[in-house]
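Inspection log for the structure reproduced underneath, given as structure tokens.
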Amino acid sequence: MNIFVLLKRTFDTEEKITIANGAINEDGAEFIINPYDEYAVEEAIQLRESHGGEVTVVSVGGEDGEKQLRTALAMGADKAVLINTEDDIEYGDQHTTSKILAEYLKDKEADIILAGNVAIDCGSGQVGPRVADLLDIPYVTTITKLEIEGDKVSVVRDVEGDSEVIETSLPLLITAQQGLNEPRYPSLPGIMKAKKKPLEELELDDLDLDEDEVEAKTKVIEIFLPPTKEAGRVLEGEISEKVKELVSLLHKEAKVI
Amino acid sequence: MTKKVAVLGEIRDGSLRNVSFEGLAAARTIAEGGEILAVLVGASLGTLAQDMIHYGADRVVTVEDEKLAQYTPDGFSQAFLSVVEQEKPEAIVFGHTALGKDLAPKIASRLGCGLISDAVDVEIAGGNVVFTRPIYSGKAFEKKIVSDGIVFATIRPNNIAPLEKETSRAGEVTALSAEIKDLRTIVREVAKKATQGVDLSEAKIIVAGGRGVKSADGFSPLQELADVLGGAVGASRGACDAEYCDYSLQIGQTGKVVTPDLYIACGISGAIQHLAGMSNSKVIVAINKDPEANIFKVADYGIVGDLFEVVPMLAEEFKNLLIKA
Ligand SMILES: Cc1cc2nc3c(=O)[nH]c(=O)nc-3n(C[C@H](O)[C@H](O)[C@H](O)COP(=O)(O)OP(=O)(O)OC[C@H]3O[C@@H](n4cnc5c(N)ncnc54)[C@H](O)[C@@H]3O)c2cc1C
Ligand SMILES: Cc1cc2nc3c(=O)[nH]c(=O)nc-3n(C[C@H](O)[C@H](O)[C@H](O)COP(=O)(O)OP(=O)(O)OC[C@H]3O[C@@H](n4cnc5c(N)ncnc54)[C@H](O)[C@@H]3O)c2cc1C
């Protein structure tokens, strides 16, 4: 089975976020594999374990993405591809990323492409469905279960807590929801092996793409932090006093009751 | 500049979800006096078109087909795109719901246009339609515009106030027949979870429980408090994973994103993935026995204490208040 994973390197949003020069300050920040993409990597490895084949992890971004790709290789992926856009594009959006990924994937004869359902930084959830559309293959988003037999596929999709059992076929793109699996940690031998696994680096030129074709369709005009909330009021006194005060505050001050 | 705006109405269990009406309100801002067109897609639409008109649509186009009884990306995109082809809207609004999130990127890709997802506000500024959206799990916000082409956005439920319902409003409803074919995904089965009553993403008041609730029974005082307040019960992932409640109650990055007027978090520590789903709530109350719990950092009001003591007392106190009122 020819398996591809779309992997984004993201800012760890557990971290404190600050703004410098109108952009999110990345100095000294921790970067991780987007958590939903970890589920995608894990599922891809499990698919290979049961169906054979090869897992290729693809990321669009800058040089720094290499680290997260190596982690995916250490988890057990076979190959990694970094499409480095640093020198070619200054600003991109979901259209940009999807177009680049689809252009790379179009002649790869992927049986299945696994993505995360959403990136925790920009958080649009667009890239999976956009890539599937550009490749003209079906997709199912936010899945929690995947079963493949021949080219028949049965998927459980999480729909705001309800679940749908969906039947479809390969080739297919899915996006992973939490609950799909428990991603493994890279083992020490895995980390050693990963150093020798192929990590290919491509640029837009290698994909026959012009900058025009991938030009962003949207523009960010401002980034800001939410107004700092005044420190919440932790109520004091006996429990019964606190409860009375809270009810009164919600009624008279916050006016939500 | 005036724009013709198409708004997709979203149907669940035979009625329109509130986010459809919120979409019409967003459209009123975006249109700047242009026409607001509601689009309804489904197997049997009954009188739903009238509701869209009462909430601000000037006109409604419906696409009805047996094959549209269940949402599928292929079926719904074929239906919606045939409306786009006929009507040529200059802007499009969907809800940022399971359906909207799944469908909008495909339509944007088909139309070769940009898409601004999960907007919580829309305004006209400097001649542009400007959307505000949360980024970095809600820790920051960005203002975004579409550079050229169709202005397309999905809006987060419960953030943009719907227009006043006017039952005297009238508008034309036309049916469009579209060819729905070659569906590549088929929904075989839908397991609806036992969530009765208020839709969490539309609830004005939410009482949410976390692992601190300790058992399925532990949710009953929370349910009682929610009943007194006419609200809904939600939960953290911790509570769902511990099987105290169903995943359909989950709030957060992987669960529902909610923006109620009042969010009461009981026995929830306040992990970033939970906050991503509720930090936009207008007023947040935290009840937790650990004074250091992260949830107090986003709370407007906090009570350090045992939820099993505090929650029933709160219910009692609210009952007294509401009887007086
Ligand atoms: C050249 C370039 C320049 C950019 N410049 C900026 C900038 O200046 N400011 C800014 O805020 N953003 C910039 N971006 C990022 C861009 O706006 C989005 O973050 C990106 O397109 C993904 O959208 P998302 O974060 O909403 O991901 P989602 O659509 O939420 O991601 C869903 C899934 O798609 C896959 N995916 C997403 N992104 C990638 C990726 N890069 N590689 C592989 N798989 C991926 C993952 O599986 C992910 O889980 C740039 C992107 C590119 C390609
Ligand atoms: C990719 C990913 C996605 C995730 N998505 C989500 C999501 O969508 N939603 C979500 O909620 N989480 C999500 N999580 C999980 C999240 O990181 C936390 O693990 C989870 O939110 C913790 O749940 P909790 O607060 O109920 O439990 P805990 O962190 O265990 O907190 C329990 C709290 O209860 C308090 N407590 C205990 N007893 C009492 C008592 N008697 N009275 C009062 N207080 C008491 C304790 O002091 C503690 O603060 C996600 C994680 C990952 C990795």
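The values are calculated or read from the model by the stated rules, or taken from the named source; none is laboratory data. Keep in mind the model is a prediction, meaning the values are calculated, not measured. All Cβ positions, glycine included, derive from the backbone under ideal geometry; neighbour counts span all protein chains shown.
Give the stretch B:169-186 a look and list any residue that's touching a helix residue (DSSP H, G or I) at 6+ places or on another chain (Cβ under 7 Å) and among the aliphatic types (A, V, I, L, M), or say none.
B:Ala170, B:Val173, B:Leu176, B:Ala178, B:Ile180, B:Leu183, listed by residue number.
Might you check whether a residue that is without any contact (Cβ under 8 Å) to a residue 12 or more places away in the chain, facing chain B (nearest Cβ under 9 Å) and either acidic (Asp, Glu) or surrounded by 24 or more Cβ atoms within 10 Å (Cβ to Cβ) (or both) occurs anywhere in the stretch A:149-160?
The answer is yes, given that some residue of the stretch A:149-160 is without any contact (Cβ under 8 Å) to a residue 12 or more places away in the chain, facing chain B (nearest Cβ under 9 Å) and either acidic (Asp, Glu) or surrounded by 24 or more Cβ atoms within 10 Å (Cβ to Cβ) (or both).
Out of everything in the stretch B:113-129 that is over 23 Å from B:Ser82 (Cβ atoms) and at the interface with chain A (Cβ under 7 Å from one of its Cβ atoms), what residue ends up being farthest from the chain's Cα centre (by Cα)?
Within the stretch B:113-129, the subset over 23 Å from B:Ser82 (Cβ atoms) is B:116-129.
Now restrict to residues that are at the interface with chain A (Cβ under 7 Å from one of its Cβ atoms): B:116-118.
Numbers: B:Ile116: 16, B:Ser117: 12, B:Asp118: 10 Å.
Looking at residues that are over 23 Å from B:Ser82 (Cβ atoms) and at the interface with chain A (Cβ under 7 Å from one of its Cβ atoms), I get B:Ile116.
For B:Arg110, all conditions in the list (1) surrounded by 23 or more Cβ atoms within 10 Å (Cβ to Cβ); (2) within 14 Å of chain A (Cβ to nearest Cβ) hold save one; what is the number of the exception?
For B:Arg110, the exception is condition (1).
Filter the helices (runs of 4 or more DSSP H) completely within the stretch B:2-93 down to those with at least 3 residues that are without any contact (Cβ under 8 Å) to a residue 60 or more places away in the chain. I'd like the intermediate steps shown before the answer.
Numbers: elements: B:18-31, B:48-54, B:73-87.
In the stretch B:2-93, the matching helices (runs of 4 or more DSSP H) lie at B:48-54, B:73-87.
Just checking, which of A:Val57, A:Val41 is near ligand 1 (Cβ under 10 Å from one of its atoms), within 16 Å of the chain's Cα centre (by Cα) and in a strand (DSSP E or B)?
Working: A:Val41 fails: in a strand (DSSP E or B).
So the residue among A:Val57, A:Val41 that is near ligand 1 (Cβ under 10 Å from one of its atoms), within 16 Å of the chain's Cα centre (by Cα) and in a strand (DSSP E or B) is A:Val57.
Hey, among A:Ile143, A:Ile113, A:Ile100, which residue is more than 8 Å from chain B (Cβ to nearest Cβ) and within 16 Å of ligand 2 (Cβ to nearest atom)? If you could, list the steps in order and put the result at the bottom.
Working: A:Ile113 fails: within 16 Å of ligand 2 (Cβ to nearest atom); A:Ile100 fails: within 16 Å of ligand 2 (Cβ to nearest atom).
Every option except A:Ile143 fails the conditions.
Could you please give the count of residues in the stretch B:292-304 that are facing another protein chain (nearest Cβ under 7 Å), more than 14 Å from A:Pro226 (Cβ to Cβ) and not small (Gly, Ala, Ser)?
4
Taking the stretch B:190-244 on its own, how many of its residues are at the interface with chain A (Cβ under 9 Å from one of its Cβ atoms) and of a type in the set (Gly, Ala, Ser)?
Selection size over the stretch B:190-244: 2.
Away from ligand 1 (no atom under 14 Å from the Cβ) and modelled with pLDDT of 95 or more: does that describe A:Lys106? First the steps, then the outcome.
Working: away from ligand 1 (no atom under 14 Å from the Cβ): yes; modelled with pLDDT of 95 or more: yes.
So A:Lys106 passes the test.
For the subset of the stretch A:200-225 comprising residues that are assigned to a loop (DSSP other than H, G, I, E, B) and surrounded by fewer than 14 Cβ atoms within 10 Å (Cβ to Cβ), which member is farthest from the other protein chains (Cβ to nearest Cβ)? If you could, list the steps in order and put the result at the bottom.
In the first step, residues of the stretch A:200-225 are kept if they are assigned to a loop (DSSP other than H, G, I, E, B); the result is A:203, A:208-211, A:215-217, A:225.
Adding the requirement that they be surrounded by fewer than 14 Cβ atoms within 10 Å (Cβ to Cβ) leaves A:208, A:210-211, A:225.
Details: A:Asp208: 18, A:Asp210: 15, A:Glu211: 14, A:Leu225: 5 Å.
Across the stretch A:200-225, the extreme among qualifying residues is A:Asp208.
Could you please find all residues in the stretch A:39-76 being among the β-branched types (Val, Ile, Thr) and out of contact with any Gly (no Cβ under 6 Å at 6 or more places or on another chain)? Before the answer, list the steps.
Of the residues in the stretch A:39-76, the ones among the β-branched types (Val, Ile, Thr) are A:41, A:45, A:55-58, A:60, A:71.
Within the stretch A:39-76, A:Val41, A:Val55, A:Thr56, A:Val57, A:Val58, A:Val60, A:Thr71 meet the criteria.
Counting only residues that are within 14 Å of ligand 2 (Cβ to nearest atom) and within 14 Å of chain B (Cβ to nearest Cβ), how many does the stretch A:11-36 have?
Kept after step one, since they are within 14 Å of ligand 2 (Cβ to nearest atom), are these residues of the stretch A:11-36: A:12-14, A:32-36.
Retained after the next criterion (residues that are within 14 Å of chain B (Cβ to nearest Cβ)): A:12-14, A:32, A:34-36.
Counting residues in the stretch A:11-36 that are within 14 Å of ligand 2 (Cβ to nearest atom) and within 14 Å of chain B (Cβ to nearest Cβ) gives 7.
Are there strands (runs of 3 or more DSSP E) fully within the stretch B:138-190 with at least 2 residues that are touching a residue at least 40 places away in the same chain (Cβ under 8 Å) and polar (S, T, N, Q)? List them. I'd like the intermediate steps shown before the answer.
Details: elements: B:140-146, B:151-155, B:172-175.
Because the criterion is at least 2 residues that are touching a residue at least 40 places away in the same chain (Cβ under 8 Å) and polar (S, T, N, Q), no strands (runs of 3 or more DSSP E) in the stretch B:138-190 meet it.
Residues to consider are A:Pro129, A:Pro183; find the one that is assigned by TED's automatic domain parsing to the domain that holds A:Thr97 and away from ligand 2 (no atom under 16 Å from the Cβ). Write out each step before concluding.
Details: A:Pro183 fails: away from ligand 2 (no atom under 16 Å from the Cβ).
A:Pro129 is the lone residue from the list that is assigned by TED's automatic domain parsing to the domain that holds A:Thr97 and away from ligand 2 (no atom under 16 Å from the Cβ).
Identify the residue in the stretch B:245-291 that is touching a Phe, Trp or Tyr at 6+ places or on another chain (Cβ under 8 Å) and over 22 Å from B:Leu229 (Cα atoms) and, among all such residues, is nearest to the other protein chains (Cβ to nearest Cβ).
Here the residue is B:Gly255.
Which condition breaks for A:Ala74 when tested against (1) closer than 30 Å to B:Lys297 by Cβ; (2) in contact with a Pro (Cβ under 9 Å, 6 or more places away or on another chain); (3) more than 16 Å from ligand 2 (Cβ to nearest atom)?
All conditions are met except number (1).
Can you name the number of the only condition in (1) surrounded by 14 or more Cβ atoms within 10 Å (Cβ to Cβ); (2) in contact (Cβ under 8 Å) with a residue 60 or more places away in the chain; (3) more than 11 Å from chain B (Cβ to nearest Cβ) that A:Val58 fails?
Against the list (1) surrounded by 14 or more Cβ atoms within 10 Å (Cβ to Cβ); (2) in contact (Cβ under 8 Å) with a residue 60 or more places away in the chain; (3) more than 11 Å from chain B (Cβ to nearest Cβ), A:Val58 comes up short only on (2).
Results for (1) in contact with a helix residue (DSSP H, G or I) (Cβ under 8 Å, 6 or more places away or on another chain); (2) at pLDDT 95 or above; (3) in the same structural domain as B:Asp51 (by TED's automatic domain parsing), shown as yes or no for each residue.
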residue: B:Ile145; (1), (2), (3): no, yes, yes
residue: B:Asp148; (1), (2), (3): no, no, yes
residue: B:Glu164; (1), (2), (3): no, yes, yes
residue: B:Thr167; (1), (2), (3): yes, yes, yes
residue: B:Arg188; (1), (2), (3): no, yes, no
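Across the stretch B:273-297, what is the number of residues that are more than 7 Å from ligand 2 (Cβ to nearest atom) and surrounded by fewer than 20 Cβ atoms within 10 Å (Cβ to Cβ)?
Summing the residues that are more than 7 Å from ligand 2 (Cβ to nearest atom) and surrounded by fewer than 20 Cβ atoms within 10 Å (Cβ to Cβ) in the stretch B:273-297 gives 5.
Output yes when any residue across the stretch A:89-104 is of a type in the set (Asp, Glu) and within 21 Å of B:Phe131 (Cβ to Cβ), and no when none is.
Taking the stretch A:89-104 and keeping what is of a type in the set (Asp, Glu), we get A:90, A:93, A:103.
If we keep only those that are within 21 Å of B:Phe131 (Cβ to Cβ) as well, we get A:93.
Yes.
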